[in-house]
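Asker: My structure is below; once you've seen it, I'll send some questions.
Derivation of every value follows stated rules applied to the coordinates shown; laboratory data play no part. None of the values given here were measured: they were computed from a predicted structure. Counting neighbours? That spans all protein chains shown, and the Cβs are built from the backbone with ideal geometry, glycine included.
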There are 2 protein chains.
Amino acid sequence: MEVADYMNKLGQQARKAGREMSKADSGKKNLALLKIAEALASHKETLVEQNQKDLMAGKKNGLDFALLDRLELNLAGIDSMIEGLEQVASLADPVGEITDLSYRPSGIQVGQMRVPLGVIGIIYESRPNVTIDAAALCLKSGNACILRGGSEAIHSNQAIAVCISEGLQAAGLPAEAVQVVETTDRAAVGELITMNQYVDVIVPRGGKGLIERISQQATIAVIKHLDGICHVYIDEKADIEKAINIAFNAKTHRYGVCNAMETLLLAESVSAQVLPLLAEKYLKEGVELRGCLKTCSLIPECSRATDEDWDTEYLAPILSIKIVDNIDEAIEHINQHSSSHTETIVTENYTLARRFLREVDSSSVMVNASTRFADGFEYGLGAEIGISTDKLHARGPVGLNGLTTLKYVVLGDGQIRV
Amino acid sequence: MEVADYMNKLGQQARKAGREMSKADSGKKNLALLKIAEALASHKETLVEQNQKDLMAGKKNGLDFALLDRLELNLAGIDSMIEGLEQVASLADPVGEITDLSYRPSGIQVGQMRVPLGVIGIIYESRPNVTIDAAALCLKSGNACILRGGSEAIHSNQAIAVCISEGLQAAGLPAEAVQVVETTDRAAVGELITMNQYVDVIVPRGGKGLIERISQQATIAVIKHLDGICHVYIDEKADIEKAINIAFNAKTHRYGVCNAMETLLLAESVSAQVLPLLAEKYLKEGVELRGCLKTCSLIPECSRATDEDWDTEYLAPILSIKIVDNIDEAIEHINQHSSSHTETIVTENYTLARRFLREVDSSSVMVNASTRFADGFEYGLGAEIGISTDKLHARGPVGLNGLTTLKYVVLGDGQIRV
């Protein structure tokens, strides 16, 4: 079959399954999640075997260590997928919740009901665990989904797809509610992101290049997560101990994640006190420092940051540092250079904290907490399908609610407009 | 100046003004709304004069009656603009509201703050009152906006722009928070919908053709309102009197509006009782009836509906009628042919009402109320900038909240990730 015909068939089936899923009650959906977990448990050996095929092919094709690491699916990985499914099953069902139902002068009652988006297309890199995460979230939120994982994980993903299909059917739900694209043909992505009649939203997960390309070519709305150039601003009224702990944690807890700090801003009045202490800790940890002129004069090991540094997501043990006059300069720098992901201020001053919260235009704005907390689990969403840096629809960590929309419901007793 | 340079300048100014507006307190924003109202009141004569220029040019260019009617701005129209401004001033300020602020196990508090979208571009037809409506809603929600009205209303809109600018400045807010495009060059629209660095969302208002064209060409997200093919379903358990009142009102209260009923569905078991009574009322009102075979056999004056009829928004005294077996066929017909705007069921049966509410995938779903209630004022939003048939971000009547987004706020006490 041609790729276009094949994807079209998936689309038709997804649309039909999506209508069924939107009606499915919470009990059935939870049962499906647990049955998928059971299927994973009983197919552990097959899953590892199929994953070995992908790993061997990957090694042969010269994938680097980081990619192979993400591609690997071992027994511990399967257990954590099972745990994830159980966790999503235990979350409250967002679908059907009605809020703000209130009487209007005409006598009608008006409220908003949370409903599934319909069909979600997810495009991601070669990480088999994403297949389960994405399927679980879409299933619980009453959506159908079409999953297109990286071609290097094709055997792993197909094995996982079998388990998902078994689980859905065991719960009496349509197997087509979760469809894993079987072809590694790149044209499939082009079809998926332009099937407006069958797909309601595209969620790309992966590198900036992938997401930019998809956003440009998609005719369907994209909930995108671009880069995370996160800032910590140590204010003149900061508690020095909190400042050092937060700035150190935000940079060094994990380097390759989008909520890691990439640029540290400090109020000039505290910089001489804070920077030498912090720099010592960073340097001991092997973090390369690049700073403004004032920073370099305080820290001899620091090299000069270029204009490009302020706009760079390092995802590595590198940190750019800038000393600013005050909160105004800090906010201006952030609103100009941030990717609108996550920023934090360290301060004990009420008024400045309040200003920072209001005036910084990012998906997460924090006071006295590490940027590393920007995460669906830490925020209590139970799980996340990604972190949106878009302003529309979903912003910040996207959990079950982000995969739903609201429709108005009106309850009347025969009212007509007069 | 070239159109591209001119639009670029508006964009830069809007972005800057948007940052100011996002910080502006409610008092200043309300003062600006009232000062704009004052300015309109004191420039009434000029406004009518300038509108006369547009009307004369329109007549000369052969605009039809409906277009001229919408273009006209008389003293009563100015009074109603003033009243609208006062109404928006009296609404609660959505910006800065924090919801669901709760403690997490880590000790951080997480909530969501409502914030402006930034810069909104609004493209609309030659209706001067939209200039004030749109400006008022954007201003109150803390956004900057760039307004591009139809070229036939250019003199009226420029006169209104002077009043808006006076009001903003009198309240100490930047005049560039509301910019009315001064050129009638069509290239300005092309620039507006592709200035991603300066504009956050495009709201098109007008005919289906305009909205489809803009959606296709825009690189910025569009909150669109396409057509309203609304349905009333008279169920077998309907109260006959309510059914007749609602079906009559939904069709005949106003013909040219998006929340008017275009297709009537009836359960077969009640059709013989209801249809003749209803048809008599419609025919007396001059409504042309087009029905399925069964309908035609009950109503001799009814012509046969074609396949095309079920997908047509008449916006006219024409109604298509279909007799269905039961609620399943009704819901199937709606989910296939509706434009997902507004549908209503007339029934006294609890279970069927509940199913209709859950299973019909439209922006407004009603029980025992006329589709004509789908409206921001009737829903208590205070005002609306349009009715979105999109699923993402805003769905149904779009009021102040639809012009905002949510960012996460995190309040900590020095917490770091461990």
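Asker: Cα axis of helix A:3-23 to longest principal axis of chain A: angle in degrees, 0 to 90, nearest 10?
Answerer: The two axes meet at around 90 degrees.
Asker: Long-range amide H contacts for residue B:324: which residues qualify at under 5 Å (H placed 1.01 Å from N, peptide plane, sequence gap of 5 or more or a different chain)?
Answerer: It is B:266, B:267, B:268, by chain and number.
Asker: A further question follows. Return the inverse of the average 1/r over all pairs of distinct C-alpha atoms in the protein assembly as shown, which is the Kirkwood hydrodynamic radius, in Å to one decimal.
Answerer: Hydrodynamic radius (Kirkwood, Cα pairs) of the protein assembly as shown is 28.9 Å.
Asker: Roughly speaking, what is the stretch gain from residue A:326 to residue A:66, that is 0.36 nm per residue apart minus the C-alpha to C-alpha distance, in nm to one decimal?
Answerer: Gain in length upon complete extension: 89.6 nm.
Asker: I want to check the label-to-label distance for residue B:103 and residue A:285. Put each point 7 Å from Cα in the C-beta direction and report it in nm to one decimal.
Answerer: With each label point 7 Å from Cα toward Cβ, the separation is 2.8 nm.
Asker: At a Förster distance of 30 Å, what's the computed FRET efficiency of residue A:293 paired with residue A:240, Cβ-Cβ distance as r, to 0.05?
Answerer: E(calc), rounded to 0.05, equals 0.80.
Asker: If each DSSP helix of 4+ residues adds -39,500 (n - 2.57) and the sum is divided by the residues in chain A, what number results at 222 nm, nearest 500 deg cm²/dmol?
Answerer: The helix contribution divided over chain A gives -13500 deg cm²/dmol.
Asker: Between residue A:187 and the same site in the other copies, what are the distances in nm, shortest first, taking label points 7 Å from Cα along the C-beta direction?
Answerer: Here the equivalent label points are 3.9 nm apart from this one.
Asker: Could you give the dipole magnitude of the range A:225-326 about its Cα centre, charging the beta-carbon of Lys and Arg +1 and that of Asp and Glu -1, in debye to the nearest 20?
Answerer: Dipole size: approximately 280 debye.
Asker: Of all the Cα-Cα pairs you can form in chain B, what percent are over 43 Å apart?
Answerer: 22
Asker: Hey, another quick one. Give me the tail of P(r) for the range B:331-418 as a percent: Cα-Cα pairs with distance above 19 Å.
Answerer: Across the range B:331-418, Cα pairs with separations above 19 Å total 52 percent.
Asker: Let me ask you something else. To the nearest 0.05, what FRET efficiency results for residue B:87 and residue B:208 with a Förster distance of 25 Å applied to their C-beta separation?
Answerer: 0.30
Asker: Beta carbons within 10 angstrom, averaged per residue: use that to sort the peptides B:108-115, B:267-274, B:405-412, highest first.
Answerer: B:405-412, B:108-115, B:267-274
Asker: With θ set to phi - 60°, apply the Karplus curve 6.51 cos²θ - 1.76 cosθ + 1.60 along the range B:229-236 and write out the HN-Hα couplings as whole Hz, x wherever there is a Gly or Pro.
Answerer: Karplus-based 3J(HN,Hα) across the range B:229-236 equals 9, 9, 10, 10, 10, 8, 7, 5 Hz.
Asker: Calculate, axis by axis, the spread of Cα positions in the range A:351-398 along the three principal axes, and write the results as whole Å, longest axis first.
Answerer: The principal-axis extents, from largest down, are 34, 23, 13 Å.
Asker: Further question: Across the range A:99-258, what fraction of all alpha-carbon pairs, as a whole percent, falls in each successive 5 Å bin from zero upward?
Answerer: Per 5 Å bin, starting at zero, the Cα-Cα P(r) for the range A:99-258 comes out as 1, 8, 14, 15, 14, 11, 9, 9, 9, 6, 4, 1, 0 percent.
Asker: Taking the Cα-to-Cβ direction at residue A:182 and at residue A:197 and moving 7 Å from each Cα, how far apart do the two end points lie in nm?
Answerer: 2.3
Asker: Taking the Cα centroid of the range A:70-139 and of the range B:37-93, what is the distance between the two, rounded to the nearest whole Å?
Answerer: Answer, in whole Å: 47.
Asker: Between B:364, B:141, B:90, where does the largest GNM mean-square fluctuation fall for chain B, given springs only between Cα atoms within less than 10 Å?
Answerer: B:90
Asker: So if each residue of separation counts as 0.36 nm, and I subtract the Cα-Cα distance between residue B:303 and residue B:170, what length gain in nm does that give?
Answerer: 41.8 nm
Asker: Checking the cross-link filter: which aspartates and glutamates have an alpha carbon closer than 17 Å to that of residue A:29, excluding same-chain neighbours under 8 positions apart?
Answerer: A:20, A:38, A:83, A:86, A:93, A:97, A:133, A:166, A:176, B:359
Asker: Mind checking the mean number of beta-carbon atoms from other chains within 10 Å of the Cβ atoms in A:25-34?
Answerer: Mean inter-chain Cβ contacts per residue within 10 Å come to 0.
Asker: Go ahead and set up a Gaussian network model of chain B, Cα springs under 10 Å, then flag whichever of B:57, B:383, B:66 fluctuates most.
Answerer: Of the options given, B:66 has the highest mean-square fluctuation.
Asker: Taking a cut-off of 13 Å, what percent of all Cα-Cα pairs in the range B:252-302 are separated by more than that?
Answerer: Within the range B:252-302, distances greater than 13 Å cover 60 percent of Cα pairs.
Asker: Tilt of helix A:128-140 relative to the longest C-alpha principal axis of chain A, in degrees (0 to 90, nearest 10)?
Answerer: Taking the Cα atoms of chain A, the angle to A:128-140 is about 70 degrees.
Asker: Moving on. In the protein assembly as shown, what % of DSSP beta bridges are antiparallel (nearest 5)?
Answerer: Given both bridge residues lie in the protein assembly as shown, the antiparallel proportion sits at roughly 25 percent.
Asker: Follow-up question, since we're still on this one. Please work out the FRET efficiency for the pair residue B:158 and residue A:41, using the Cβ-Cβ distance as r and a Förster radius of 56 Å; give the result to the nearest 0.05.
Answerer: So the FRET efficiency works out to roughly 0.20.
Asker: Could you give the distance between the Cα centres of the range A:399-416 and the range A:191-221, to the whole Å?
Answerer: 27
Asker: Under a straight-distance cross-link criterion of Cα-Cα below 28 Å, which lysines are reachable from residue B:294, leaving out those fewer than 8 residues away in the same chain?
Answerer: B:237, B:242, B:251, B:281, B:284, B:322
Asker: Stick to the Cα atoms of the range B:1-126, pair each with every other, and give me the Kirkwood hydrodynamic radius in Å at one decimal.
Answerer: For the range B:1-126, the Kirkwood estimate is 18.6 Å.
Asker: Read phi for every residue in the range A:200-210 and hand back ³J(HN,Hα) as whole Hz from Karplus 6.51 cos²θ - 1.76 cosθ + 1.60, θ = phi - 60°, with x for Gly and Pro.
Answerer: Once θ is set to phi - 60°, the couplings for the range A:200-210 become 9, 7, 10, 10, x, 10, x, x, 4, x, 4 Hz.
Asker: Mind checking which lysines have their Cα closer than 22 Å to the Cα of residue A:224? Skip sequence neighbours fewer than 8 apart in that chain.
Answerer: Filter leaves A:140, A:208, A:391, B:224, B:391, B:407.
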